[in-house]
Amino acid sequence: MKFKLTITLISALLYLVSCNKKNSFENENTSSGKRIAVCDIKYAQGFKIEYFTNFKLLTIIDPWQGAEKVQFRYALSNNIDSLIDLPEDIIRIKTPIEKVVCLSTTHIAFIDALNKNSTVKGISGHNYVCNPIVRESIEKKEVFDVGYDNSLNYELIASINPDLVTTYGIGSQVAAYNQRMNELGVQTVIIAEYLENHPLGKLEWIKFVAAFYNMDEYANNYFNNIEKQYTELLQVTKGVYNKPSVLFGLPWKEVWYVPGGNSYLAKMVEDAGGDYIWNENNSKESLTFNFESIFSKATNAEIWLNTGSINSKDEILGIDERFSKFKPFQNAKIYNNNARVNAFGGIDYWESGIVNPHIILKDMIFILHPELIPDYKLVYYKEIN
């Protein structure tokens with residue numbers, strides 16, 4: 001089988017309200033369609049969408065860590081036979097898609113926000129899925145676990161006969177996984193929202209996912225609504241003078257991973273009125289430190305967030321007894337992002353949180369400045385005692 005990408009003229013015209021009439025590929029007006037608009041992407045840096053009269057062109061840019069000048073292009077249309085003279089590198093996929101395999105739970109969150117959970121037929125790591133509708137389908141054996149990375153079950157994926165497999169990759173090896181599936185006649189697309197350094201940039205990938213369902217206008221309205229709520233919260237912390245210092249994480253196998261100073265979590269701390277202790281770093285990727293380096297740098301941290309799967313301070317001591325001498329352990333307020341967890345330990349913060357950055361921001365504001373929203377109840381976070 002062979003799958004390709006598509007869109008209707010009607011969907012393109014409906015979405016013009018959120019697009020700029022400008023060209024990004026000056027010489028690609030073809031007999032397959034004339035370019036009519038370029039989608040206005042406000043925060044995301046990893047993709048763009050262009051609208052032609054009878055298809056839309058999606059471009060993914062540098063979709064894994066360390067990628068440089070890497071791009072993939074997809075033409076989406078509900079009449080792919082009309083796309084007769086597009087460049088060879090452009091993959092054609094028929095839309096709207098009806099069956100999808102998701103290799104990340106964040107992809108499920110985007111699909112859930114579009115009310116298209118019924119299209120999910122395969123997932124990677126079923127124990128991590130928190131979405132109740134998809135979980136029910138897993139229990140009914142209507143959604144199958146297709147494995148992970150080097151353990152992907154390619155034969156199972158092919159037997160599901162999906163219109164699309166949404167993948168992601170920390171490194172370039174994802175291209176090899178995708179190629180293997182393509183050789184089996186399974187179409188793939190990389191979703192790289194995790195690389196965005198702004199919470200609304202991550203959310204904006206809902207526009208990319210929606211393009212495969214011909215739900216562009218719906219996704220645009222969803223994004224605008226969340227963006228409005230997020231920016232309104234910025235007014236709550238505007239002018240805050242006292243900014244508590246913030247530490248993230250716990251060591252894993254003697255290595256402590258913390259967000260870079262240009263990461264989305266650093267941005268959320270800033271927006272919530274906090275002072276991230278590595279904010280002078282300009283990396284958007286994780287930084288690695290040993291235990292002693294963290295002790296030296298974070299000794300006066302006032303807020304400690306995202307401490308893995310732990311539920312008590314005793315569990316922190318169980319990881320390393322030296323924490324008993326760690327000032328943030330003794331004095332800081334400790335909050336973990338595992339308030340919403342499924343029966344198998346899957347943490348919903350990492351799933352639905354991608355489409356609810358305004359709720360995560362509000363949680364952080366309450367943690368850092370409870371006086372600003374005194375009656376608020378935490379959603380994704382809970383205090384660790």
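The values are calculated or read from the model by the stated rules, or taken from the named source; none is laboratory data. Remember, predicted model here, so these are calculated numbers, not experimental data. Cβ sites come from the backbone with ideal geometry, for glycine too, and all protein chains shown count toward neighbours.
Below are the figures for this structure:
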item: Flag if residue 158 is at pLDDT below 95 and more than 30 Å from residue 221 (Cβ to Cβ); result: no
item: One residue from 376, 349 being outside any loop (DSSP other than H, G, I, E, B) and either assigned by TED's automatic domain parsing to the domain that holds residue 112 or within 30 Å of residue 222 (Cβ to Cβ) (or both); result: 349
item: Selection from region 135-170 of residues that are outside any loop (DSSP other than H, G, I, E, B), at negative phi, of a type in the set (D, E, K, R) and surrounded by fewer than 13 Cβ atoms within 10 Å (Cβ to Cβ); result: 136, 139, 155
item: Residue check for residue 382: of a type in the set (Lys, Arg) and at pLDDT 95 or above; result: yes
item: Check on residue 89, surrounded by fewer than 17 Cβ atoms within 10 Å (Cβ to Cβ), out of contact with any Leu (no Cβ under 9 Å at 6 or more places or on another chain) and at negative phi; result: yes
item: Number of the condition not met by residue 230 [criteria: (1) of a type in the set (Ser, Thr, Tyr); (2) in a loop (DSSP other than H, G, I, E, B); (3) in contact with a helix residue (DSSP H, G or I) (Cβ under 9 Å, 6 or more places away or on another chain)]; result: (2)
item: Residues within region 106-116 that are more than 20 Å from residue 158 (Cα to Cα) and more than 9 Å from the chain's Cα centre (by Cα), tallied; result: 6
item: Given (1) in contact with a strand residue (DSSP E or B) (Cβ under 9 Å, 6 or more places away or on another chain); (2) closer than 26 Å to residue 243 by Cβ; (3) modelled with pLDDT of 95 or more; (4) not β-branched (Val, Ile, Thr), index of the condition residue 311 fails; result: (2)
item: Filter result for the condition that a residue is among the basic types (Lys, Arg) and more than 21 Å from the chain's Cα centre (by Cα), over 267, 228, 243; result: 243
item: Whichever residue in region 171-223 is part of a loop (DSSP other than H, G, I, E, B) and out of contact with any helix residue (DSSP H, G or I) (no Cβ under 9 Å at 6 or more places or on another chain) and, among such residues, is surrounded by the most Cβ atoms within 10 Å (Cβ to Cβ); result: 212
item: Close pairs (6 angstrom Cβ cut-off, 6 or more residues apart or separate chains): closer than 16 Å to residue 354 by Cα and not assigned by TED's automatic domain parsing to the domain that holds residue 49 in region 207-234, modelled with pLDDT under 95 and assigned to a helix (DSSP H, G or I) anywhere; result: none
item: Residue within region 101-122 that is free of Cβ contacts under 8 Å to residues at least 40 places away in the same chain and among the small types (Gly, Ala, Ser) present; result: yes
